[in-house]
Amino acid sequence: MGGVGCVEGPGSGVPTRAGAAIGSLAFPVLGPAGVVAVRQYVAAAVLLAVGRPRLRSFTRREWTPVLLLALVYGTMNLSLYTAIDRIGLGLAVTLEFLGPLTLALAAARRRVDACCAVAAAAGAVTLMRPQPSTDYAGMCLGLLAAACWASYILLNRTVGRRLPGAEGSAAAALVSALVFLPVGVVLAVRTPPTLPALGCAVTAGVLSSAVPYLADLFTLRRVPAAAFGLFMSVNPVLAALVGWIGLGQRLGLLDWAAVAAVVLANALSILAPSGRAPKRPSVRRSRRARRRAA
């Protein structure tokens, strides 16, 4: 089931969301693009130290998913952070969470999963309902982050099959950091960052990129893509709470109900029984086996 830029199960969800909240404190100075740029630099530095990719030995077949992963990773973070800046942490993360949830539900074949999909869709529609203060651009950016997160899950698995260890992830992080290098240079020249703002961005990079990205490396490759996202039901709630407590971003009762609908849809998919009875060997097969043994 699904995970982005980072793994975001219960264990890594807290630092990831805390990192996003801390990073948003640097928006007035660096802007979302500047914070994301620093995130990419931190992730690249950590993963290059761990993965030590042998870039010259990569084949075209190996470079293709790596480059796609780099593109998706950078787009996901930029769209999410811009959405956070426009609509708040809780709503942005809930919309982003629809990516892995959709991936998980699409692979399911039970009636209960269809009901969960309807509940999640109802929650999303509620969050995006027309209001005088609705920021549709921010909502669309949240949905773009969702699509990127689903793509990230699938691409990470492909990279893991084609390249050993953390080499592919490190290469993707390096490419993404190089893409954002001009952004960092332009921002540094136009508005030199303050130390507090830079510290917030670096902290966001460590909490929201480096640690969770390494967790992804060892989780997404061992867990089916249709299963990983269902372990992350707690993330929208965590994001809403962090946004409320840390940033003062309060949600209305209807918004909380919509977040709860998305979370409960996810949890119900996990807890609902599969409905498939275990297969038992037929009587005929058992008799044949006895005869052969005799």
Cβ-based net charge around G31, under 14 Å, with every Lys or Arg adding one and every Asp or Glu removing one: +2
Relative packing of 116-124, 147-155, 166-174, 53-61, which averages over residues the other C-beta atoms within 10 Å, highest first: 166-174, 147-155, 116-124, 53-61
Nitroxide proxy distance, nm - points 7 Å out along Cα→Cβ at L178 and A45: 1.9 nm
Computed lengthening from R54 to V112, 0.36 nm per intervening residue step minus Cα-Cα distance: 16.3 nm
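Probe radius 1.4 Å, ligands and nucleic acids ignored: give me the carbon and sulfur share of the accessible area of region 84-162 as a rounded percent.
Solvent-exposed carbon and sulfur of region 84-162 make up 63 percent of the total.
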Alpha carbon convex hull of region 125-219, volume per residue in cubic angstrom: 151 Å³
For region 60-90 and region 100-128, distance of Cα centres in Å: 23 Å
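The values are calculated or read from the model by the stated rules, or taken from the named source; none is laboratory data. Remember, it's a predicted structure, so these values are computed and weren't measured experimentally. Cβ atoms come from the backbone with ideal geometry, glycine included; neighbour counts cover every protein chain shown. These area figures cover heavy atoms from the full protein model, side chains too; ligands, DNA and RNA do not enter into them. Shrake-Rupley method; radii C 1.70, N 1.55, O 1.52, S 1.80 Å.
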